[in-house]
Amino acid sequence: MEQELITMTQKELARYEVIKRLIKKEINGTEAAKQLDLSVRQIKNIKAKVKRHGAKGIVHSNRGKPSNRAISKETTEKIKRIIKEKYYDFGPTFASEKLEENHQIKVGKEKLRQLMTDWGLWKPKPRKKNKEYRAWRLRKEQSGEMIQFDGCYYPWLEGRDGRNELCLLSSIDDATGKITHLRFVQDEAVIPVFAFWKQYLEKQGKPMSIYLDKFSTYKVNTKTLADDPNILTQFEKVMEEMGIRIIHAHSPQAKGRIERLNITLQDRLVKEMRLANISTLEQANRFVEKFIPQFNARFSVVAQKKGNLHQPLTQFVKENLDKIFSVKNTRIVNNDFTVKFKDQWFQLGPSQPCLILRKDKVQIEERIDGRLLISLRDKYLDYEVLPERPRKIKMEVVALAKTKPLWRPPADHPWRRSFLRAKIKVEEGVKE
């Protein structure tokens, strides 16, 4: 008679020895339960199995049998075909979500990880050899207390728009990990950043602080000026006017949450837009409006304290957002009442809402929508763009006002005497 070979682990062998002692009544059920760290009821069940089946009763009855949840060969082949056709560069977690969402095939991410590894579509990440310890900074307690902000250049549309790269401006709430706003732009210049934050404030309100890097749009980095608190960028001036605190990170790791978000979006958002056939910047900006709620529902966390520290905008701020989020520069009015700005010449009109004198300092506002406005003492001036640099001519107009001056002072008027005396002295000096 052939003997049946039973394979047992060391743990099962040790359990069998205890149960044999229990059957021999060398110990009772309570003592056996303590030794095996099981309940008395479990000990009774194992004892009954050993009495019926011998040592085989210790081994789990499902060992060697196929799992009831095993995926059929047909389903595995179907998954392999779909993954290779549509999700060949997806990670196992993301691919698992898309299989359930788009194809009604439910498969665990770890099982799919094993399959994709076997198919050569996924390479497991090696364990980190660097043992250096890094601690995460604790999250802020409430939503709106700190917003992390960054711009990321990447081929977001994978060349479908004819460009190599676009810049994605993104912000994330430090307390909850929720994406608060996303916007695709051409570059991380002042005007696109202003457009981003204008939209943000209109939707969310004012956060207490913004945590960002030291890119030139956000901080003056010239060595001689960097430490001067009075030298601010256009962005810093606007945020100071809005009462929002700016915090500059000294390293990418310091603002790790927004950096990690960029990595996640480079994986997920790029593939989502590919599946949706997004091919223009405008389509991408409309697409992210739907993407944000889905992303937040999956990856956000609950803040330590309830409440939202975003402050609603006052009516005055709402009415002046276009003015607040504009690039402001100062220029001097020339003798012929022209103003030069960015190699363009502007002629101030003869009728103005306030008195304008030569050498007055006017403020030029570059609006987000491309408009250019010139103001003096909070009054917007009338002007026209000159096609070329004006010729130098002697101006008879003393100043610009609401109405043209009708009276001209005579040659011997006291107002002219100081100029006449100066002219006579110069002429006498030349004769001598």
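The values are calculated or read from the model by the stated rules, or taken from the named source; none is laboratory data. Everything numeric in this text was worked out from a predicted model, so none of it was measured. Glycine gets a Cβ as well: all are built from the backbone with ideal geometry, and neighbour counts include every protein chain shown.
General remarks:
- Pairs with Cβ under 7 Å, 6+ apart, first in the stretch 75-86 and part of a helix (DSSP H, G or I), second of a type in the set (Asp, Glu) and surrounded by 12 or more Cβ atoms within 10 Å (Cβ to Cβ): none
- Output for the stretch 33-55, where each listed residue is farther than 23 Å from ILE6 by Cα and not in a loop (DSSP other than H, G, I, E, B): ALA33, LYS34, GLN35, VAL40, ARG41
- Selection status of GLU289, charged (D, E, K, R) and within 22 Å of the chain's Cα centre (by Cα): yes
- Residues that are touching an Asp or Glu at 6+ places or on another chain (Cβ under 8 Å), part of a strand (DSSP E or B) and over 22 Å from MET273 (Cβ atoms), drawn from the stretch 169-224: SER209, TYR211, LEU212
- Taking the stretch 1-12 as the range and being assigned to a helix (DSSP H, G or I) and touching a residue at least 40 places away in the same chain (Cβ under 8 Å) as the test, only GLU12 passes.
- Selection of the stretch 19-45 for residues being over 60 Å from the mean Cα position of the chain (by Cα) and among the β-branched types (Val, Ile, Thr) yields ILE19, ILE23, ILE27.
- Taken over the stretch 249-266, the residue count meeting the criterion of being surrounded by fewer than 15 Cβ atoms within 10 Å (Cβ to Cβ) and at pLDDT 90 or above is 3.
- Residue count for the stretch 255-287 satisfying the condition of being touching a residue at least 60 places away in the same chain (Cβ under 8 Å) and assigned to a helix (DSSP H, G or I): 20.
- Residues that are farther than 30 Å from ARG260 by Cα and surrounded by 12 or more Cβ atoms within 10 Å (Cβ to Cβ), drawn from the stretch 321-334: LEU321, ASP322, LYS323, ILE324, SER326, VAL327, LYS328, ASN329, ARG331, VAL333, ASN334
- Scanning the stretch 104-129 for residues that are exposed (fewer than 13 other Cβ atoms within 10 Å of the Cβ) and not in a loop (DSSP other than H, G, I, E, B) yields GLU110, ASP118.
- Residues being in contact with a Ser or Thr (Cβ under 9 Å, 6 or more places away or on another chain) and farther than 19 Å from GLY144 by Cα - total across the stretch 245-286: 3
- Options ILE246, ILE231: the member that is assigned by TED's automatic domain parsing to the domain that holds PHE194, over 25 Å from TRP122 (Cβ atoms) and crowded, with 17+ Cβ neighbours inside 10 Å: ILE246
- Residue, modelled with the lowest pLDDT, within the stretch 323-352, restricted to residues that are of a type in the set (Phe, Trp, Tyr) and over 21 Å from LYS198 (Cβ atoms): PHE337
- Scanning the stretch 205-220 for residues that are within 16 Å of the chain's Cα centre (by Cα) and either over 18 Å from LYS140 (Cα atoms) or free of Cβ contacts under 8 Å to residues at least 12 places away in the same chain (or both) returns ASP213, LYS214, PHE215, THR217, TYR218.
- Scan of the stretch 353-394 for residues that are touching a strand residue (DSSP E or B) at 6+ places or on another chain (Cβ under 7 Å), farther than 30 Å from TRP197 by Cα and surrounded by 11 or more Cβ atoms within 10 Å (Cβ to Cβ), ordered by number: PRO353, CYS354, LEU355, ILE356, LEU357, ASP360, LEU386, ARG389, PRO390
- Within the stretch 24-72, the residues that satisfy the criterion of being touching a residue at least 12 places away in the same chain (Cβ under 8 Å) and out of contact with any Phe, Trp or Tyr (no Cβ under 8 Å at 6 or more places or on another chain) are GLY29, ALA32, GLN35, LEU36, ILE43, LYS44, ILE46, LYS47, LYS51, LYS56, VAL59, ILE71.
- Criterion: more than 28 Å from THR264 (Cβ to Cβ), surrounded by 11 or more Cβ atoms within 10 Å (Cβ to Cβ) and not assigned by TED's automatic domain parsing to the domain that holds LYS271 - qualifying residue of SER39, SER96: SER39
- Close contacts from the stretch 155-169, counting a first residue that is farther than 12 Å from VAL270 by Cα and in contact (Cβ under 8 Å) with a residue 12 or more places away in the chain and a second that is among the small types (Gly, Ala, Ser) and part of a loop (DSSP other than H, G, I, E, B), with Cβ to Cβ under 7 Å and a gap of 6+ residues or different chains, come to ASP161/SER279.
- Note on the stretch 287-316: residues that are out of contact with any Ser or Thr (no Cβ under 7 Å at 6 or more places or on another chain), surrounded by 15 or more Cβ atoms within 10 Å (Cβ to Cβ) and farther than 30 Å from LEU157 by Cβ total 3.
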